[in-house]
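Have a look at the structure below before the remarks.
The values are calculated or read from the model by the stated rules, or taken from the named source; none is laboratory data. This is a predicted model, so every value here is computed, not measured. Note that we place each Cβ from the backbone using ideal geometry, even for glycine, and neighbour counts take in every protein chain shown.
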Amino acid sequence: MLRIEHYSKTYPGGKKAVDGLTLHVRPGEIYGFIGHNGAGKTTTLRACAGVMDFTEGTIIIDGHDVKKDPVGAKRVTAFLPDNPDLYEFMKGIDYLNFIADLYDIPADQRTRDIGRFGDAFELTGNLGSPIGSYSHGMRQKLALISAFIRRPRLLILDEPFVGLDPSASHIMKGYLAELCQNGSAVFFSTHVLEVAEKLCHQIAIIKDGRLVKCGPTEQLVGDSSLEDVFLELEGDK
Amino acid sequence: MKKFFALLKVSVKSMLLSSTNARGSSRKKAATGVGAMLLIAFLGLYLSGLYSSLLMQVLSPIHMEVLVFIFMGMGALVGGLLFTTFAIKGVVFGGKDNDLLLSMPVSSTMLMASRVTAIYLENLLFSFFVLAPAGAVCAFMTQSGVGHSLLFWVRLIIAVFALPLLDTALSVLFGALVAFLSAKVSKGALGQNIVMALYLVAVMWFCFNLNGMIEGLAANAAGVKESLSWAAPMLWMADGVMGDWGKLLAFAACCIVPFALVVYGLGRVYRQAVTAFQARAARNDYKLSAQAASGQKKALLAKEARRFFGTPMYFWNSGIGLMMLVALGVAALVMRDDLRIYLGLLEGLPLMPMAALVMGFCLSMCVIAAPSISLEGKYLWILREAPVGESALLWIKTGFQLLLSVPCTVIAGVCLAAALELSPLEGGLLLALTGLFDLAHAAFGMLVGLAFPKLDAVNETVVVKQSLAVCLGMFVPMAVLGLCALLYWLGGMASAALALALPAALLAVWAAVCATLLAKRGPAMLRAL
């Protein structure tokens with residue numbers, strides 16, 4: 001579903017944020033991406049989502065090269081940044097319709113999905129209000145609904161649990177699993193190692209822009225815990 | 001005081017950087033900031049110098065120089081109000097750093113005072129650029145010799161420093177009203193639009209009256225001064241500058257007291273005001289019904305329209321040119337008989353080129369595309385992750401400006417052609433030339449928006465009123481119009497056909513270059529943001 005091959009990103013000034021990253025996410029997988037602050041997680045996720053330009057390496061999503069066919073790649077992807085800023089001059093329902101229009105989602109499908117996800121995240125009643133009046137958590141939920149109604153082949157999430165209450169986190173995890181059961185894939189970054197350990201089929205650990213370890217969660221963790229593995233690789237233990 | 005100056009420094013720096021390119025190097029930022037300041041300084045000095053000297057020519061022989069300072073003082077006051085009132089909501093009450101600063105161990109009065117002082121410094125700049133040329137004109141043109149004394153300059157400096165205090169106090173009060181309305185009225189944008197409309201009507205009324213006063217100046221200067229008794233502080237300022245220390249002190253008190261009252265009064269309730277102006281609770285009574293689908297382009301255009309019509313700052317600053325354009329056309333048609341009599345007195349005037357020039361001037365103020373990239377700011381990720389090509393995004397933004405400007409151009413063009421009794425050929429040429437200008441202006445605006453983005457602006461006010469892209473998007477097209485007029489004059493020396501062909505060719509080349517650059521370089525520029 002997602003093939004990252006020899007991807008590197010160098011910022012102006014010469015700082016290499018990511019160096020020669022190769023990583024594959026298969027359909028049906030929830031893939032966790034962990035690393036310390038500034039390790040290159042967000043840079044990688046943004047490049048995959050086509051939000052940020054890059055020069056070295058290739059990223060292919062469901063057969064679409066992000067560089068050569070960005071629109072095709074974006075059509076099958078949904079991306080949520082760590083702090084999604086949404087148009088405050090729109091009402092919640094207007095934003096969802098705006099996204100649905102950009103992804104050519106038919107009217108009956110969007111009505112059904114908005115109702116389903118809106119009810120699940122307990123946001124339907126608020127959809128008539130301007131986004132400017134939403135709390136941080138409500139914005140996060142709206143952004144998640146806007147991602148789920150696209151029925152993406154690949155869902156990319158940057159720190160999705162930040163700002164969500166336990167109930168919404170639980171609901172989100174259920175929908176992530178459902179998405180993967182339907183053949184899609186989820187690629188997300190997180191600092192919540194317990195969640196990553198329980199939720200992910202595969203985990204990659206990145207340090208200073210380089211992939212230091214990746215593989216199935218059980219193999220990677222072994223008899224230890226993800227926290228121990230992570231701290232050991234980071235050299236903090 | 002150390003804390004106050006630290007807070008003031010942050011506010012001033014934020015305001016100064018507002019016109020610079022967010023991504024540029026510090027040298028580039030400084031250069032663009034200085035460039036924007038120079039542009040404002042040039043405009044202030046030029047307009048004030050021009051009008052002061054015109055007034056002084058009329059008033060100096062009858063020893064009524066004092067009226068120059070009354071009018072320039074009013075100009076500085078109204079200009080400052082226009083410039084800062086609608087910035088108050090963002091700068092004083094709606095800063096992104098409110099939570100951070102309000103959590104710090106500084107009194108809310110001090111925080112409020114630091115922000116209001118930053119606005120005062122902005123008004124001070126305006127006051128200086130308007131009153132200083134008036135003083136210089138007085139020094140050179142007055143017959144009484146009052147402008148030659150050192151004390152005259154001391155009094156003028158006192159006036160320059162005092163006037164912005166009054167300006168700032170009024171701006172903060174009006175700004176607080178705007179912020180209150182946008183928070184409390186369910187249709188906040190509508191409330192702001194109504195306040196803005198009333199405000200502009202008041203300014204227009206003032207300007208029209210001012211015009212009448214200036215016309216009658218030579219005949220009845222003393223009477224005009226008498227009729228201005230409602231603007232007593234301005235009279236005191238002018239009399240003070242001309243030598244009456246008592247009135248100067250009364251004027252200074254008139255400025256200091258309201259400023260102090262506003263800062264102290266609002267400062268005491270600043271925390272409550274900021275909270276109240278921000279508090280907008282989401283309703284919980286929405287019932288989902290069947291939704292309708294539309295295409296990508298329609299959705300993107302609707303989004304641009306929602307932002308434009310739902311953001312009063314954007315709507316009034318960028319749409320005023322179009323309103324003026326339509327008003328001009330309709331007024332010309334309604335008052336065509338008076339217009340023809342007036343134009344009959346000025347026989348031999350090239351009506352069609354003049355109409356095109358006036359329409360172009362109004363269109364120059366329609367800067368919708370230039371700030372649209374900066375207005376995306378923190379929301380840019382939404383468009384970037386959307387399955388829409390960069391080229392399509394740019395043309396939709398450019399097209400939105402054209403969608404508004406072209407119909408207004410046609411309405412105004414047809415009205416003017418009818419009012420001026422232009423031949424069908426001349427009418428067609430008028431529409432073709434202004435249409436070409438529309439296209440070039442929109443594409444140019446988009447290009448400068450991409451070249452000088454301000455993606456980290458603290459609020460939309462900064463982008464719409466002060467960004468470099470907006471300044472360039474407005475003044476470069478005006479300069480192009482000037483060049484067109486020059487080419488018309490030069491071409492007219494050879495033949496009438498060449499006189500029209502040269503500006504038309506310039507506009508065509510400008511439109512072609514901008515459109516080509518936007519098509520070829522625009523997507524890469526957007527990707528690089």
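Okay, here's what the table says:
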| item | result |
| --- | --- |
| Yes/no for A:L176 being in the same structural domain as A:V51 (by TED's automatic domain parsing), farther than 19 Å from A:N83 by Cβ and touching a strand residue (DSSP E or B) at 6+ places or on another chain (Cβ under 8 Å) | yes |
| Test: residue in the stretch B:381-396 that is farther than 22 Å from A:D53 by Cβ and touching a helix residue (DSSP H, G or I) at 6+ places or on another chain (Cβ under 7 Å) | no |
| Matching residues, the stretch A:73-132, being farther than 30 Å from A:R3 by Cβ, without any contact (Cβ under 8 Å) to a residue 12 or more places away in the chain and crowded, with 21+ Cβ neighbours inside 10 Å | A:F98, A:T124 |
| Residue match in the stretch A:151-164 (condition: modelled with pLDDT of 90 or more, outside any loop (DSSP other than H, G, I, E, B), of a type in the set (D, E) and crowded, with 22+ Cβ neighbours inside 10 Å) | yes |
| Options B:I119, B:I88: the member that is without any contact (Cβ under 8 Å) to a residue 60 or more places away in the chain, among the β-branched types (V, I, T) and within 27 Å of B:A232 (Cα to Cα) | B:I119 |
| Filter result (farther than 19 Å from B:A443 by Cα, of a type in the set (V, I, T), in contact (Cβ under 8 Å) with a residue 12 or more places away in the chain and within 12 Å of chain A (Cβ to nearest Cβ)) within the stretch B:356-397 | B:V388 |
| Single condition B:G94 does not satisfy, out of (1) modelled with pLDDT under 75; (2) touching an Asp or Glu at 6+ places or on another chain (Cβ under 8 Å) | (2) |
| Residue within the stretch B:278-295 that is more than 10 Å from chain A (Cβ to nearest Cβ), free of Cβ contacts under 8 Å to residues at least 60 places away in the same chain and either touching a helix residue (DSSP H, G or I) at 6+ places or on another chain (Cβ under 8 Å) or outside any loop (DSSP other than H, G, I, E, B) (or both) present | no |
| Answer from B:S114, B:S108, B:S127 - the residue that is modelled with pLDDT of 85 or more, among the small types (G, A, S), in contact with a helix residue (DSSP H, G or I) (Cβ under 8 Å, 6 or more places away or on another chain) and more than 17 Å from B:S52 (Cα to Cα) | B:S114 |
| Positions within the stretch B:257-282 being modelled with pLDDT of 90 or more and among the aromatic types (F, W, Y), in sequence order | B:F259 |
| Hey, B:M352 more than 30 Å from A:I105 (Cβ to Cβ), under 18 Å from the mean Cα position of the chain (by Cα), among the aliphatic types (A, V, I, L, M) and surrounded by 17 or more Cβ atoms within 10 Å (Cβ to Cβ) or not | no |
| Condition check for A:D158: within 12 Å of chain B (Cβ to nearest Cβ) and touching an Asp or Glu at 6+ places or on another chain (Cβ under 6 Å) | yes |
| Of all residues making up the stretch B:296-314, the number that are part of a helix (DSSP H, G or I) and facing chain A (nearest Cβ under 8 Å) | 9 |
| Selected residue (criterion: farthest from A:S8 (Cα to Cα)) from residues of the stretch A:54-66 that are surrounded by 16 or more Cβ atoms within 10 Å (Cβ to Cβ) and out of contact with any Phe, Trp or Tyr (no Cβ under 7 Å at 6 or more places or on another chain) | A:D62 |
| Every residue from the stretch B:17-54 that is in a helix (DSSP H, G or I) and either farther than 21 Å from B:A132 by Cβ or modelled with pLDDT under 65 (or both) | B:L17, B:S26, B:R27, B:K28, B:K29, B:A30, B:A31, B:T32, B:G33, B:A36 |
| Helices (runs of 4 or more DSSP H) (entirely within the stretch B:329-397) containing at least 1 residues that are outside the structural domain of B:L490 (by TED's automatic domain parsing) and either hydroxyl-bearing (S, T, Y) or closer than 27 Å to B:M478 by Cα (or both) | none |
| Test: A:D101 is modelled with pLDDT of 90 or more, closer than 24 Å to B:Q296 by Cα and not assigned by TED's automatic domain parsing to the domain that holds A:C214 | yes |
| Residue check for A:E159: closer than 20 Å to A:D82 by Cα and without any contact (Cβ under 8 Å) to a residue 60 or more places away in the chain | no |
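Each row is one residue, and each column tells you yes or no for (1) among the polar types (S, T, N, Q); (2) surrounded by 18 or more Cβ atoms within 10 Å (Cβ to Cβ); (3) more than 21 Å from B:M359 (Cβ to Cβ).
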position	(1), (2), (3)
B:L429	no, yes, no
B:G445	no, yes, no
B:L468	no, yes, yes
B:P477	no, yes, no
B:G492	no, no, no
B:A501	no, no, no
B:L506	no, yes, no
B:W510	no, yes, no
B:C514	no, yes, no
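Residues checked against (1) modelled with pLDDT under 85; (2) buried (at least 16 other Cβ atoms within 10 Å of the Cβ):
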| site | (1), (2) |
| --- | --- |
| B:L228 | yes, yes |
| B:G240 | no, yes |
| B:F251 | no, yes |
| B:C255 | no, yes |
| B:N284 | yes, no |
| B:K297 | no, no |
| B:L301 | no, yes |
